[in-house]
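What follows is a single structure, written as structure tokens, with notes after it.
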Amino acid sequence: MPGRLCRVTVTDSAGVRHTMEVEASSLYEAVFAYNSNQICRHAQYPGFPKLLHDSEIEVNAPDGRIFKTTFGKASEWANREAERWNE
């Protein structure tokens, strides 16, 4: 399934909201796309917070729906998916 442009918002420890647009085909792909962009392109996104286990994340889907999760929950999902693929 091709990705669509989503907005991912993370609130830092000072309460400042940081929003990045990423291409993703699911909520969890959007979270990990944010994380990859933040790590790999730090110069392009200075000041964007690194994701911690309890980081709250909001994803605005192209159809207007808003999803909320934490990085920890997204990581648990990714681990389950990896185990499923390895079976």
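Readers should treat all values here as calculations from the given coordinates under stated rules, not as data from a laboratory. What you are looking at is a predicted structure, and each value in this text was computed from that prediction instead of being measured. When we count neighbours, we look across all protein chains shown, and the Cβ atoms used for this are built from the backbone with ideal geometry, even at glycine.
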Please build a GNM for the chain, connecting alpha carbons under 10 Å apart, and tell me which residue among V16, V31, V59 fluctuates the most. V16
So what's the back-of-envelope 222 nm ellipticity for the chain, counting only DSSP H runs of four-plus at -39500 (n - 2.57) apiece and dividing by all residues, rounded to 500? -11500 deg cm²/dmol
C-alpha long axis of helix 27-40 to longest principal axis of the chain, angle in °: 50
Here the gain from full extension of D12 to K50, 0.36 nm per residue of separation minus their alpha-carbon distance, amounts to 12.8 nm
All alpha-carbon distances of the stretch 4-86, grouped into 10 Å bins from 0, give the whole-percent distribution 18, 52, 26, 3
Rounded to 0.05, the calculated FRET efficiency for the beta carbons of N79 and E21 at R₀ = 25 Å is 0.40
Treating the angle as unsigned and between 0 and 90°, give the value, to the nearest 10°, between the Cα long axis of helix 71-86 and the longest Cα principal axis of the chain. 30
Answer in debye to the nearest 20: the dipole magnitude of the chain about its Cα centre, from +1 Lys/Arg and -1 Asp/Glu charges placed on Cβ, is 180
For the chain, with +1 on Lys and Arg beta carbons and -1 on Asp and Glu, the positive-most of F32, A78, F48 along the dipole: F48
